[in-house]
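Asker: Below is a structure I'd like to ask you about.
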Amino acid sequence: MARPTIRPTGRERTFHEDEIIVSKTDLKGIITYANEVFIRVSGYAEEELLGKPHNIVRHPDMPKCVFKLLWDTIAEGNEIFAYVVNLCKNGDHYWVFAHVTPTFDVDGNIISYHSSRRKPDPKAVHEIVPIYKMLLEKEASYDNWREGMQAATDLLLEHLDKAGVQYDQFVLSI
């Protein structure tokens, strides 16, 4: 199913720091649950979110390589933290500090994913924006989006290696 084309407005939408945006997806990223905060902040009705790919809220300023890292990490059964900018139904955007985890059945098989997102520290967003911009520029420098995503992933890992940290350590440190 094609994602709706929404033009970003450049306006930021926020939510209260004691609120948590929660969603659950199946193994393919199809939304199976969206809490009231997610519904309100995203601007979508519950019926517009349920059964849709989670990338319905993907902002064009969000590097594909970060989502690749996220999906690779949770598919391996690990949790991940990430700063994410999302796109509202009306084109506004909102930043989140996401904690994404796999959900396991009694036999240890991954059966779904759960994401809890908090309002991020503005200083952390200020630090992550230039990194995301660098990754987006790398992705855009390739005609083939997969090659661009891989090149940006390599650039991100090189950036982290120079800093002497793993991705999760970096995200939690800013």
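Coordinate-derived values only; no laboratory data. Not measured: the values here are computed from a predicted model. Positions of Cβ are backbone-derived with ideal geometry, glycine not excepted, and every protein chain shown enters the neighbour counts.
Asker: Considering (1) in contact with a helix residue (DSSP H, G or I) (Cβ under 9 Å, 6 or more places away or on another chain); (2) closer than 18 Å to LYS68 by Cα; (3) part of a helix (DSSP H, G or I), say which one ALA124 fails and leave the rest.
Answerer: So the condition that ALA124 fails would be (2).
Asker: Restricting attention to the range 49-77, and to residues there that are surrounded by 17 or more Cβ atoms within 10 Å (Cβ to Cβ) and of a type in the set (A, V, I, L, M), which single residue is nearest to GLY108 (Cα to Cα)?
Answerer: ILE74
Asker: Related question: Do you know which of the residues in the range 133-174 that are β-branched (Val, Ile, Thr) and part of a helix (DSSP H, G or I) is nearest to the chain's Cα centre (by Cα)?
Answerer: Initial filter on the range 133-174 (β-branched (Val, Ile, Thr)): 153, 165, 171, 174.
Now narrow it down to the ones that are part of a helix (DSSP H, G or I): 153, 171.
On the way: THR153: 15, VAL171: 13 Å.
Out of the qualifying residues, it is VAL171.
Asker: Spot the failing condition for GLU137; the list is (1) buried (at least 17 other Cβ atoms within 10 Å of the Cβ); (2) under 19 Å from GLU158 (Cβ atoms); (3) of a type in the set (D, E, K, R), and only one is missed.
Answerer: With respect to (1) buried (at least 17 other Cβ atoms within 10 Å of the Cβ); (2) under 19 Å from GLU158 (Cβ atoms); (3) of a type in the set (D, E, K, R), GLU137 is out only on (1).
Asker: Run down GLU19, GLU46, GLU12 and say which single residue is touching a residue at least 60 places away in the same chain (Cβ under 8 Å), surrounded by 12 or more Cβ atoms within 10 Å (Cβ to Cβ) and touching a helix residue (DSSP H, G or I) at 6+ places or on another chain (Cβ under 7 Å). Talk me through it step by step, then tell me what you get.
Answerer: Values: GLU46 fails: touching a residue at least 60 places away in the same chain (Cβ under 8 Å); GLU12 fails: touching a helix residue (DSSP H, G or I) at 6+ places or on another chain (Cβ under 7 Å).
The match here is GLU19.
Asker: Only helices (runs of 4 or more DSSP H) wholly contained in the range 1-99 count here; list those with 1 or more residues that are of a type in the set (S, T, N, Q) and either closer than 30 Å to LYS138 by Cα or touching a His at 6+ places or on another chain (Cβ under 6 Å) (or both). Steps first, answer last, please.
Answerer: Numbers: elements: 36-42, 46-49, 64-75.
Hits in the range 1-99: 36-42, 64-75.
Asker: For the subset of the range 68-84 comprising residues that are out of contact with any helix residue (DSSP H, G or I) (no Cβ under 8 Å at 6 or more places or on another chain) and among the hydrophobic types (A, V, I, L, M, F, W, C), which member is farthest from PHE170 (Cα to Cα)?
Answerer: Checking each candidate, the answer is ALA75.
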